[in-house]
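Quick notes on the structure that follows.
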Amino acid sequence: MPRPTARVLALLEILQGGGTHTAVELAARLDVDERTVRRYVEHLLDLEVPVESVRGRHGGYRLAPGFRMPPLMLTDEEALAVLLGLVAGHRAGLATMSREAAEAAAAKVRRVLPKTLAARLDALFATTDFAAPDRETTTPEAAVMLRLAESARQHRPAVIAYTDRGGRRSERTVHPYGIVAHSGRWYLTGPDSASGDLRTFRLDRITQVRLAQGTFTVPDGFRPADLVRTSLASTPWRHEVAIAVQGTADEVHARLPRGIAIIEPDTRHGTDWVLVRLRAQRLDWLPGVLAELGLPFLVHEPAQLRDVIRDWTNRVAACAAAMTPQEATAAWYAATATATSTPSPQPSTSAGGNHPRPTQVDVGFEQLAEPWDGRR
């Protein structure tokens, strides 16, 4: 439920819209009783906001004529940061709000800006387009996120109502070590009291949160984002991939899409080699990733990946030798016809045989599925 301060501000927003509003109307809009409305009006009066009480059959509350909230004192750069943050956060799937809420918030900021600055910002957004499409994500509830943040800050356990990917609902107590935004989704990290293991939970699958008694301690050096990235990279897919790369861990990390691999030392080939481990539902996107590395590599497993890379190389080379569109098309499909085809992925289950493995999209590493621990 909204805090009293939030409702007082909501009351002010209603009154600023103009007109006279009855106590009954305000109580319904604020989801409180009429006595509470009167108390909120007293709060506004204490803040020197001139709220008038109108008696009679059509009476109620209104703001005194001529009263205006002072303009929001932001520099051009600060105002741009606020509005652009609302737009960019929503498009990236990081904003815990609906499009309507984002637009309403932006409209409120614009209304209290000086006219000249507001006009400039309107011109910017009217003439700006975004190359990247809106990210389609499931937005977590703002109340859930705020309550979990409170739990994490105070180091208090939280009891959550959670629905797993199979639709099974459960109530469990977790120790929120931190909240992580990753690739358009929000995750909660920390140990699950039922098992004691470190877990990751998608916030959009948490419907209720309440704080429990007691406290917990976060281990020194624990990094919630590292746990989420490791969990993503460890998600069980159809193929277990292991590739040795000549280079440092920092070099390889910088050239790989974030969150798709675990990088380990590989002393079998010398100190200047690392082992890249990842899991994939399909292999046909890996040759391009390996080519982008720009570093020598050696495929350990699966052996099938060698054929996929060889076939991909043949198709690229055939197109590179073509001089016309017709030759390129013929070369590509001729090379494809002789290639060893990669079997289409079939639904499979985890080692326990009870849960279907998630399906990875063909392209777009930011769309990797959620962390998986075999129990959700």
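The values are calculated or read from the model by the stated rules, or taken from the named source; none is laboratory data. This is a predicted model, so every value here is computed, not measured. Every residue, glycine among them, receives a Cβ derived from its backbone with ideal geometry; neighbour counts consider all protein chains shown. In case anyone asks, the SASA skips ligands and DNA or RNA and just uses the protein heavy atoms, side chains included. Shrake-Rupley method; radii C 1.70, N 1.55, O 1.52, S 1.80 Å.
Here are some notes:
- Prolate/oblate/rounded label for segment 140-204 (Cα gyration tensor, a/c 1.5): rounded
- ALA225-THR22 FRET efficiency (beta carbon distance; Förster radius 35 Å; 0.05 resolution): 0.10
- Our estimate of slack between THR173 and ARG29, defined as 0.36 nm per intervening residue step minus the Cα-Cα distance, is 48.4 nm.
- Once both labels are positioned 7 Å from their Cα atoms along Cα-to-Cβ, the gap between THR324 and GLU150 label points is 7.2 nm.
- Segment 188-234 shape via C-alpha gyration tensor axes, a/c threshold 1.5: oblate
- Spatial offset of segment 1-67 relative to segment 262-286 amounts to 63 Å, using the alpha carbon center of each.
- Accessible area (Å², per residue) of segment 1-57, counting only protein heavy atoms and a probe of 1.4 Å: 68
- Each residue of segment 164-170 was assigned a 3J(HN,Hα) from its phi angle through the Karplus expression (A = 6.51, B = -1.76, C = 1.60, θ = phi - 60°), giving 7, 4, x, x, 7, 9, 8 Hz with x at Gly and Pro.
- Stretching the chain fully between GLU103 and GLU240 yields a gain of 44.9 nm (0.36 nm per residue, less the alpha carbon separation).
- Mean shadow area of segment 201-324 over all directions, Cα convex hull, nm²: 12.1
- Per-atom-type breakdown for segment 147-264 gives carbon and sulfur 43% of the accessible area (1.4 Å probe, protein chains only).
- Estimated FRET transfer efficiency (ALA142, SER195; beta-carbon r; R0 22 Å; 0.05): 0.15
- Probe 1.4 Å, protein heavy atoms only - accessible area per residue of segment 166-263 in square angstrom: 48
- The modelled label-to-label distance between THR127 and VAL316, using points 7 Å beyond Cα along the C-beta direction, is 4.1 nm.
- If R0 is 45 Å, the Cβ-Cβ spacing of THR271 and THR215 corresponds to a FRET efficiency of close to 0.55.
- Close amide H pairs (under 5 Å, H built 1.01 Å from N) link LEU63 with GLU52, residues at least 5 positions away or on another chain.
- Residues whose amide H lies under 5 Å from that of GLN208, counting only those 5 or more places away or on a different chain, are ALA161; hydrogens are built 1.01 Å from N in the peptide plane.
- Dividing the alpha-carbon radius of gyration of segment 280-327 by the rule-of-thumb value 2.2 N^0.38 Å gives 1.32.
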